1. Per DSSP H run of at least 4 residues, take -39500 (n - 2.57); add these up for the chain, divide by its residues and hand me the 222 nm value, nearest 500 deg cm²/dmol.
2. Quote to one decimal, in nm, the extra length available between ALA61 and PHE26 on full extension: 0.36 nm per residue of separation minus the C-alpha distance between them.
3. Given points 7 Å out from each Cα along the Cα-Cβ axis, report the SER72 to GLU19 separation in nanometres with one decimal.
4. Take the alpha-carbon positions of the chain, form their convex hull, and give its projected area averaged over all directions (one quarter of the hull surface) in nm².
5. Just to be sure I understand: of the beta bridges DSSP finds with both ends in the chain, what percent are antiparallel, rounded to 5?
6. Between TRP6 and LYS44, what is the label-point separation in nm under the 7 Å Cα-to-beta-carbon projection?
7. Report the charge-dipole magnitude of the chain in Debye, nearest 20, computed about the Cα centre from +1 at each Lys and Arg Cβ and -1 at each Asp and Glu Cβ.
8. Positive end of the dipole of the range 12-60, charges at C-beta (+1 Lys, Arg; -1 Asp, Glu), about the Cα centre: which of PRO53, PRO12, ALA22 has its Cα farthest in that direction?
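Readers should treat all values here as calculations from the given coordinates under stated rules, not as data from a laboratory. The structure presented is a predicted model; accordingly, all values stated were derived computationally and were not measured. Every residue, glycine among them, receives a Cβ derived from its backbone with ideal geometry; neighbour counts consider all protein chains shown.
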Amino acid sequence: MLARAWIRWKDPDDNGTAESFACLDFVPILCDMHAELDDWIELKSLLKITHRPAVGYGLPAGSGLCIGPGRSVTAMGRPVVK
C-alpha cells in the first residue's frame, strides 16, 4: 500500500467492475508482492485499467526495490518482474 495505487473489483466475478484506488504514494510506482504463483494477475489487471503509461513491478518473495534519486528503480535480492 506504499505505492501509487492498487486495484479492487466491485464484483469479484466481473472483470468489468475493476477500478483502481489511491494508496499512500510514498513510492511513485505500481507494484505487487509475492504473487509469482498467480503470474501477477492483479498487477496486470491494474496496468490494463491505468489511464496513463505505467510500468508495473512484480516483487517475488525474497526481493525488494530501492527507489532512488530521480525515481530510479533498482532491484534488490532476487530479480523483479517488470
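1. Calculated from helices alone, the mean residue ellipticity at 222 nm is -3000 deg cm²/dmol.
2. That works out to 10.5 nm of additional length.
3. In this crude spin-label approximation the distance works out to 3.9 nm.
4. 5.6 nm²
5. Working: 11 of 15 bridges.
Looking only at bridges with both residues in the chain, the antiparallel portion is about 75 percent.
6. Reported label-point gap for LYS44 and TRP6 is 2.1 nm.
7. My answer is approximately 460 debye.
8. Working it through, the farthest residue towards the positive pole turns out to be PRO53.
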